[in-house]
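> Provided herewith is a single structure, encoded as structure tokens, for subsequent inquiry.
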Amino acid sequence: MSTNQYDVIIVGAGFAGVTASRNLSQKGHKTLVLEGRDRMGGRTWYDERLGEHLEMGGTFIHWFQPNVWHETMRYNLEVVKLIDLHQAYWITDGQVKEGTQDDEFALMREGMKVLARDAEKYFPRPFEPFYNEAAVKEIDHLSVADRLREIESEVSKEVSDILTAYWCAYFCTDDLEEPALTQLYRWVAMSYNDWDVMEDIFELYKFKHGTKSLLESIFHDGNAELKLSTPVTTIEETEHGQKVTTKDGDEYTATAVIAAIPTNTINNIEFKPALADEIHQFSRENQSTTNGGKLWAKVRGPSITDTFRLTAPAYPVSSMHTQFFDQETNEGIIMAYVSNTNKLDVTNKAQVQELLRNWIPDIEVIDCTGHKWDEDEFSKGTWSVLRKNQLTKYGKAVRQPRNGFYLAGSDYANGWSGFIDGAIESGSSIGEFVDEYLKNGA
Ligand SMILES: Cc1cc2nc3c(=O)[nH]c(=O)nc-3n(C[C@H](O)[C@H](O)[C@H](O)COP(=O)(O)OP(=O)(O)OC[C@H]3O[C@@H](n4cnc5c(N)ncnc54)[C@H](O)[C@@H]3O)c2cc1C
């Protein structure tokens, strides 16, 4: 057993934890980062598979996301555009339709104008989710499915199916009864109420050398100490500050602790005394993206001669697109967010091929891979998408610090919650609070 004293201990080396560690260590605070996995990055993970460097988690960034873009420019990192997608296959009423991506986007654009026309009313200042709290409270009991039913008479079945497919993919679920409508409105409002802008933000630009390139730039710019493969099991408030105990029984103490971990994993740690009831309740309920994962598949087939996008409502995978394409062999690598890993094993070639044949009957899966983020004890889900009522019920409690203890992470961000940008926003702003606390005890 060892005992060590720090100014601040940060639990979790995802983007939030790493940003806070750089900022606080640069300000001269003795900083320790304890990470449960054997790598940094959390829900981002740049790995080598299928003969390529693939992102197993968070990927896309955009200049409309100010925090991540600022860091990208600061470290002069190269950003690349996704290859152009030409063909599109979408399933509506059980029928496969084929056209260009522009054809499909036109339908989605038409639908989004109706679906999200009130977003600005509820989130006039999207970086302040509680700015219009009274109005948000009135609709926080509604799901995305409720809103789709509300607009049923205003859009065609085809448009409704495309809206369902895209929002299942965006919200990593095959059941739109779960995610709150407020989440959809927040994302739309953050994108200037323009779906084309939103789609560019979500799926167009990525790091040439992976999310790892930014993560490592940020971390190595500070001088925090890092311990990998060190899951934290207990955080205790004592009269001398915070005591942190790891799975191996090692103890570390600090004046302040930041738990930069997903909301779904808060209850993996024992807090003494317990945190506010709402926080534990929130973690027990978990968010609506708890069945999710990511799928990568290397494919070929007689009719695959170009890049493509596949879309369908409420499949275990609702939207997929080509990310790599070899013109000589006509082999492509496609990527999808899996909305229900209970219904699709991302490592099972036969299952993945059967699924893809719903769109392209002669497609062959050469190999596939992925990660089941839902089964991962350190994430228990993919990205932050709140269930009905969670924003107004728990949103303020998780943002409330307690005597030198703080939660940080994309799940708690005010702006781009659910994105890398939100993790950096939160890590950076919580870092400022902690700096103030360490200097003035307030
Ligand atoms: C499949 C997928 C696709 C995504 N796509 C995008 C995208 O294209 N663009 C985008 O911007 N965002 C995307 N995201 C979301 C984005 O990756 C996350 O919102 C962001 O990375 C979260 O960062 P974080 O630091 O808040 O949390 P995390 O990255 O989850 O970091 C938390 C860290 O805490 C550690 N931890 C947890 N519990 C403990 C413990 N008890 N002890 C020690 N360590 C612990 C975890 O191991 C982890 O490293 C995606 C996410 C997934 C999963």
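The values are calculated or read from the model by the stated rules, or taken from the named source; none is laboratory data. Fair warning: this is a prediction, and the values are worked out from it, not measured in the lab. Backbone-built Cβ (ideal geometry, glycine too); neighbour counts: all protein chains shown.
> Taking segment 345-368 as the region of interest, how many residues are farther than 24 Å from Phe60 by Cα, assigned to a loop (DSSP other than H, G, I, E, B), touching a residue at least 12 places away in the same chain (Cβ under 8 Å) and of a type outside the set (S, T, N, Q)?
Residues that pass the stated criteria total 4.
> Please indicate, with yes or no, whether at least one residue in segment 401-408 is modelled with pLDDT under 95 and in a strand (DSSP E or B).
Checking segment 401-408: at least one residue is modelled with pLDDT under 95 and in a strand (DSSP E or B).
> Condition first: over 24 Å from Glu48 (Cα atoms) and of a type outside the set (Phe, Trp, Tyr). Now tell me which residues in segment 341-362 satisfy that.
Asn342, Lys343, Glu354, Leu355, Arg357, Asn358, Ile360, Pro361, Asp362 - these are the residues of segment 341-362 that are over 24 Å from Glu48 (Cα atoms) and of a type outside the set (Phe, Trp, Tyr).
Here's the yes/no breakdown for (1) crowded, with 17+ Cβ neighbours inside 10 Å; (2) among the aliphatic types (A, V, I, L, M):
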{"position": "Asp7", "(1), (2)": "yes, no"}
{"position": "Gly14", "(1), (2)": "yes, no"}
{"position": "Ser21", "(1), (2)": "yes, no"}
{"position": "Leu24", "(1), (2)": "yes, yes"}
{"position": "Arg37", "(1), (2)": "yes, no"}
{"position": "Met40", "(1), (2)": "yes, yes"}
{"position": "Gly58", "(1), (2)": "yes, no"}
{"position": "Pro66", "(1), (2)": "no, no"}
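> Let me ask you something else. Output the strands (runs of 3 or more DSSP E) that fall wholly within segment 198-271 and possess 1 or more residues being over 19 Å from the mean Cα position of the chain (by Cα) and more than 12 Å from the ligand (Cβ to nearest atom), or say none.
Result: 225-227, 232-238, 241-246, 251-259.
> I'm trying to understand the selection: among the residues of segment 85-107, which are of a type in the set (Asp, Glu) and modelled with pLDDT under 95?
Asp93
> Follow-up. Considering only residues that are within 16 Å of Ser217 (Cβ to Cβ) and among the β-branched types (Val, Ile, Thr), which ones fall in segment 1-38?
Scanning segment 1-38 gives Val18, Thr19, Val33.
> Among the residues of segment 324-344, which ones are part of a loop (DSSP other than H, G, I, E, B) and among the hydrophobic types (A, V, I, L, M, F, W, C)?
Leu344
> Which condition number in (1) buried (at least 23 other Cβ atoms within 10 Å of the Cβ); (2) over 30 Å from Ala13 (Cα atoms); (3) of a type in the set (S, T, N, Q) is the one that Asn291 fails?
Exception for Asn291: condition (2).
> Please state which one of Gln65, Gln5, Gln87 is closer than 30 Å to Asp248 by Cα and polar (S, T, N, Q).
Gln5
> Here is a further query. If you scan segment 288-301, which residues turn out to be within 11 Å of the ligand (Cβ to nearest atom) and either touching a Lys or Arg at 6+ places or on another chain (Cβ under 7 Å) or free of Cβ contacts under 8 Å to residues at least 40 places away in the same chain (or both)?
Gly293, Trp296
> Same structure, new question: Consider only pairs whose beta carbons are under 6 Å apart and that are at least six residues apart or on different chains; among these, list those whose first residue lies in segment 7-18 and is under 12 Å from Thr230 (Cβ atoms) and whose second residue is part of a loop (DSSP other than H, G, I, E, B) and more than 6 Å from the ligand (Cβ to nearest atom).
Ala13/Met40
Residue-by-condition table, conditions (1) closer than 19 Å to Ala169 by Cβ; (2) touching a Leu at 6+ places or on another chain (Cβ under 7 Å); (3) more than 10 Å from the ligand (Cβ to nearest atom):
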{"position": "Val365", "(1), (2), (3)": "no, yes, yes"}
{"position": "His371", "(1), (2), (3)": "yes, no, no"}
{"position": "Phe378", "(1), (2), (3)": "no, no, no"}
{"position": "Val398", "(1), (2), (3)": "no, yes, yes"}
{"position": "Asn403", "(1), (2), (3)": "no, no, yes"}
{"position": "Tyr412", "(1), (2), (3)": "no, no, no"}
{"position": "Ile420", "(1), (2), (3)": "yes, no, no"}
{"position": "Ser426", "(1), (2), (3)": "no, no, no"}
{"position": "Asn440", "(1), (2), (3)": "no, no, yes"}
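> Let me ask something additional. When you scan segment 406-434, how many residues do you find that are crowded, with 17+ Cβ neighbours inside 10 Å and in contact with a strand residue (DSSP E or B) (Cβ under 9 Å, 6 or more places away or on another chain)?
Counting residues in segment 406-434 that are crowded, with 17+ Cβ neighbours inside 10 Å and in contact with a strand residue (DSSP E or B) (Cβ under 9 Å, 6 or more places away or on another chain) gives 12.
> Hey, which of the helices (runs of 4 or more DSSP H) in segment 77-151, taking only ones fully inside, have at least 3 residues that are acidic (Asp, Glu)?
By residue number, 101-115.
> With segment 1-68 as the region, which strands (runs of 3 or more DSSP E) entirely inside it contain at least 1 residues that are hydrophobic (A, V, I, L, M, F, W, C), within 12 Å of the ligand (Cβ to nearest atom) and under 20 Å from Glu432 (Cα atoms)?
So the answer is 3-11, 31-34.
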